[in-house]
Amino acid sequence: MNFDSEISGNGKTLYFVESQFTLAGRPKTARILMARRMGNSFHRDLDSATISLQPINTDTLNYAPATSLSEVEMFFTRLDADGPAIYTANRPTVAAAFGTPRKIRAITGFAEAPTLSPDEKSLYYHKNEKGCFVIYRVTKVKDVVGVNPEQRKALERAFGDGWFVQTQSPIILDDRSEPEPDVCVVRGSPRDYAAAHPSGPALVVEVAQSGLALARGRKATAYARARIADYWILDLGTRALELYREPTSPGSARRHWGYAVVQTLGADATVAPLAAPAAVIRVADLLP
């Protein structure tokens, strides 16, 4: 029996579970497999069980896969000695095999069916409590390093008084969107936002490695649509800073909101925020 299907963000890969059941209706085996889109249908990837997903599939039950947008991170349920538990595994690229899975220690008890939020910052799952399934959420630790104090200090020096550097907290883009960027710079002080989240930040920064596709894609679209004039991505993999400026609406040249100006700076370069043009920030000071 096949169940627990999950399609990749680009629609080209289908992750699913292949299982055998006993006559009593209980699962006897369960492993996670992949299928590739070919035209209008999906065809099983015969190597996925023995290569890409081999570290994930053990002799016990492994099911309910959920992948990141970049497909380099997977969450799934494994039946271990303590019962169903949520595990995660990573790989450097989509062409590589996943590494050894790790149990998520923050999730305890009878837990199944992990699902990532669209911004990949929260992980949802259900938990059996006295015979009832209750949905829970845990906050996902961001990428590999996330925000370090030096990044914040560099921006505080650049903007000076009258500005507040906020880290990994919500901002209001519109009536339906309140993302939590790694860093944003807004006018005022924390006390000004005691009753409501900030809006209209002068600068938004995302720190990314495995989440680069999300930062360059869906997040860039959302920030451009909200007319965020200065959006930066710190690429930890190449140790570079990507600048996104001049938000542009959809038209003949593009299908979605985006940025007309995109520039990449190396670690030895300097940058000045649009809202603080006299400032000089070393890209190296923003990198861990």
Can you tell me which condition Asp47 does not meet? The list is (1) in a loop (DSSP other than H, G, I, E, B); (2) over 23 Å from Gln20 (Cβ atoms), and all the others hold. (2)
Checking Ile56 against (1) assigned to a strand (DSSP E or B); (2) at pLDDT 90 or above; (3) under 28 Å from Gly237 (Cβ atoms); (4) in contact with a Phe, Trp or Tyr (Cβ under 8 Å, 6 or more places away or on another chain): exactly one of these is not met. Which one? (1)
Which listed residue, of Gln166, Gln151, is within 26 Å of Leu287 (Cβ to Cβ), part of a strand (DSSP E or B) and at pLDDT 80 or above: Gln166
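Working only within the stretch 84-130, note down all residues that are within 16 Å of the chain's Cα centre (by Cα), outside any loop (DSSP other than H, G, I, E, B) and among the small types (Gly, Ala, Ser). Write out each step before concluding.
Here is the first cut: in the stretch 84-130, the residues within 16 Å of the chain's Cα centre (by Cα) are 88-94, 114-124.
Now narrow it down to the ones that are outside any loop (DSSP other than H, G, I, E, B): 88-90, 114-116, 122-124.
Ala89, Ser122 - these are the residues of the stretch 84-130 that are within 16 Å of the chain's Cα centre (by Cα), outside any loop (DSSP other than H, G, I, E, B) and among the small types (Gly, Ala, Ser).
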Those residues that are among the charged types (D, E, K, R) and either touching a Cys at 6+ places or on another chain (Cβ under 7 Å) or exposed (fewer than 12 other Cβ atoms within 10 Å of the Cβ) (or both), I need them from the stretch 261-286; list them, please. Asp268
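Search the stretch 6-35 for residues being closer than 13 Å to Asn62 by Cα and among the small types (Gly, Ala, Ser), and hand back the single one that is surrounded by the fewest Cβ atoms within 10 Å (Cβ to Cβ). Steps first, answer last, please.
Step one: filter the stretch 6-35 for residues closer than 13 Å to Asn62 by Cα, giving 15-20, 27-33.
Narrowing the set further to residues that are among the small types (Gly, Ala, Ser) leaves 19, 30.
Values: Ser19: 17, Ala30: 22.
Applying the filter and picking the extreme gives Ser19.
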Give the residue, chosen from Gly237, Gly188, that is farther than 30 Å from Arg91 by Cβ, surrounded by fewer than 17 Cβ atoms within 10 Å (Cβ to Cβ) and in contact (Cβ under 8 Å) with a residue 12 or more places away in the chain. Gly188
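Evaluate the stretch 230-237: report whether one residue or more is over 26 Å from Asp161 (Cβ atoms) and among the β-branched types (Val, Ile, Thr).
We begin by selecting, within the stretch 230-237, every residue over 26 Å from Asp161 (Cβ atoms); these are 233, 235-237.
Filter once more, keeping what is among the β-branched types (Val, Ile, Thr): 233.
Yes; the residues of the stretch 230-237 include at least one that is over 26 Å from Asp161 (Cβ atoms) and among the β-branched types (Val, Ile, Thr).
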Applying the selection to the stretch 224-233, what residues are over 12 Å from Glu246 (Cβ atoms) and in a helix (DSSP H, G or I)? Arg225
Can you find, within the stretch 36-66, the residue that is nearest to Lys219 (Cα to Cα) among those that are buried (at least 20 other Cβ atoms within 10 Å of the Cβ) and in contact with an Asp or Glu (Cβ under 7 Å, 6 or more places away or on another chain)? Ala66
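The values are calculated or read from the model by the stated rules, or taken from the named source; none is laboratory data. All figures in this text were calculated on a predicted structure; none of them were measured in a lab. Note that we place each Cβ from the backbone using ideal geometry, even for glycine, and neighbour counts take in every protein chain shown.
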